[in-house]
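Comments concern the structure below.
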Amino acid sequence: QVQLVESGGGLVQPGGSLRLSCAASGLIFSAYAMGWYRQAPGKQREWVAAVSSGGYTNYADSVKGRFTISRNNAKYTVHLQMNSLEPEDTAVYYCNAARSVHNYWGQGTQVTVSS
């Protein structure tokens, strides 16, 4: 079965950095678009960034210039480098794999930005 396992979350001060990782298994990784979403307390889940199967990247306006998404098809991993973190970035971050009607989610990793 498909599994997506996130790691790398934690507590960081404003202005700091974190690198999230997502390890995928059970799917043809290179064929899937990979993305990161986040959900803050009391808010709906929102899209953060995506990288297509061909390597094209796209970002939400709120993180553009601060976050970078990348994928390694040989290692079945996708990363989210987060710089200049702000308290508003506090959320549970979820990894997503999507292809046609297939859509898979990880269990999430908590990111807390606080002094």
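The values are calculated or read from the model by the stated rules, or taken from the named source; none is laboratory data. All figures in this text were calculated on a predicted structure; none of them were measured in a lab. Side chains are part of the model used for accessible areas, which takes the heavy atoms of the whole protein and leaves out ligands, DNA and RNA. Shrake-Rupley method; radii C 1.70, N 1.55, O 1.52, S 1.80 Å.
Key figures
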| item | result |
| --- | --- |
| Residue list for region 2-26, filter: in a loop (DSSP other than H, G, I, E, B) and at negative phi | 2, 9, 13, 14, 16, 17 |
| Lone qualifier among 23, 60 - being under 18 Å from residue 108 (Cα atoms) and at pLDDT 95 or above | 23 |
| Boolean, residue 104 is part of a strand (DSSP E or B), open to solvent by 60 Å² or more (accessible area, probe 1.4 Å) and either of a type in the set (Ser, Thr, Tyr) or on the phi > 0 side of the Ramachandran plot (or both) | yes |
| Members of region 75-95 that are in a strand (DSSP E or B), over 18 Å from residue 13 (Cα atoms) and open to solvent by 10 Å² or more (accessible area, probe 1.4 Å) | 77, 79, 94 |
